[in-house]
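The values are calculated or read from the model by the stated rules, or taken from the named source; none is laboratory data. No experiment lies behind these values; they were computed from the predicted model shown. Neighbour counts are summed over all protein chains in view; Cβ atoms, including those assigned to glycine, are modelled from backbone coordinates with ideal geometry. SASA here: full protein model, heavy atoms, side chains in, ligands and nucleic acids out. Shrake-Rupley method; radii C 1.70, N 1.55, O 1.52, S 1.80 Å.
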Amino acid sequence: SVQSLKTEFGIIDHLACASLGLAVFFVLPKYESRGTFVQNRVDKCIQMVNEYKKFLSSGFFDNVAMKSFGKGVIKYVGSNVVGDFREFPGDVMFVEEMDDCDQLNLKFAEDRLRASNYQFKRFIGNPTVEDFGINSAYKKSDQRHWHIICQSCKEPVMLDWFNCVVNTILDSDGIPKDYELLDSDSKEVREPRPICRKCGNPCDRFSDGVWIAQNPDVLVEGYLLNMLQSKQNALIDMWFRFKDAMGDPSIMEKFYNSELGLPYTAPNVKLTVATLKACSEVLPYSFDITSFGGCVKTVGKKTCSMGVDVGKFFDV
C-alpha cells in the first residue's frame with residue numbers, strides 16, 4: 001500500500017548492496033523523475049545518516065545518474081529511456097513503482113544481470129489491475145502475509161481487511177451488498193480492533209507477529225504490505241473511507257490499490273473469472289431446444305448456446 005515505507009526499504013537495501021561491493025541497477029518509472037527521487041530521497045538519506053557518510057570516498061559521484069558507494073556502484077535510470085539500459089553489468093536490480101514502468105523495457109533491465117553470480121531482483125510498487133505489474137510478480141512469489149498472534153487463543157491472525165476488520169454480507173447471487181465492522185463494540189465512536197475469526201476476541205494489530213507464506217514451496221519471496229500495519233494509520237478512518245467508496249467503483253479501486261495493496265475488480269461491473277467458472281459448472285440441466293435467432297437445433301443433439309451479460313444479473 002502507499003505510505004508503507006516500502007520505498008525507504010528499497011533505499012536502505014540498495015545502499016547496503018552497494019556498500020558490500022555489488023553493482024546496483026535502480027529503475028524508476030520516468031527519466032524525468034530521476035533527479036527528484038535521487039536528490040530528495042537518496043542524497044538526503046545519505047547526508048543525514050552518519051554510518052552512510054563513512055561509505056563515501058573520493059570516488060563518490062555526486063550526480064543523479066551514477067554513484068559509487070562503499071565498494072560498489074549504483075546507476076539510476078528511467079524505464080522510458082531504453083538507451084540507459086546498456087553498458088552496465090549489474091548484480092542487483094531494483095524497480096521502483098513497477099506498475100508505472102515500461103513493462104517491455106524492464107526485460108532489458110534484467111539483461112544487465114546476466115553475467116553476475118548474484119542476479120538479485122527487487123520489485124516494489126502499488127498494484128493497479130489483476131495480473132499486471134507488481135500483482136503479477138507477487139503471484140509468482142511465495143505470497144507472504146503478515147499475521148499477528150491472538151492474545152486469547154495464541155493462533156496467528158492474518159492482518160487483512162476482509163479477514164479481521166469487516167464482515168462481508170452477500171446477496172442471493174453471491175455478490176457483496178454490504179459490510180459491517182467485526183468489532184461490534186466500536187459502533188463507529190472509537191478505534192475498531194481486529195477480531196480473531198477463531199475465538200472471536202479482539203487483537204492488538206501491533207502485537208508480535210510473523211510472515212506466513214501462502215505458497216511456501218515457491219523460492220521467490222513476496223511481501224504484501226497494507227495500511228493495517230501502519231501505526232500512523234487509524235482503522236476508524238479506513239472504515240469511513242471504505243464506506244464512502246461503497247457504490248463507487250472508481251473510489252473503491254483507489255481504496256484497494258492505495259490502502260489494501262490489492263488490485264481491484266468490481267464484482268458487479270466487470271466479468272470475472274469466478275463468474276465464468278460458475279457458468280461452466282456441470283449440473284444436471286435439461287434443455288428444450290427450439291428455434292432461436294433463425295437457427296433450428298434438434299432436441300436429439302442436445303445443443304445449446306450461452307450468453308453472459310455483465311452486471312448484477314446474468315442471462316444464461
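Some points to look at:
- Using 0.36 nm per residue and subtracting the Cα-Cα separation, the extra length available between Q47 and Q103 on full extension is 16.9 nm.
- Mean Cα-pair separation over length for segment 1-139, i.e. relative contact order, pairs under 8 Å, 6 or more apart, %: 28 percent
- Among residues other than I134 with Cβ under 13 Å from its Cβ, the summed charge is -1 (Lys and Arg +1, Asp and Glu -1).
- The share of accessible area on segment 40-113 that comes from carbon and sulfur is 53 percent, using a 1.4 angstrom probe.
- Accessible surface comparison of D204, D43, probe 1.4 Å, protein chains only, largest first: the order is D204, D43.
- Counting lysine pairs in segment 132-267 that sit 8 or more residues apart in sequence, or on different chains, and whose Cα atoms lie under 18 Å apart gives 4.
- Segment 28-106-segment 170-247 distance, computed between alpha-carbon centres (Å): 35 Å
- Ranking by accessible area, most exposed first, for D208, D237 with a 1.4 Å probe: D208, D237
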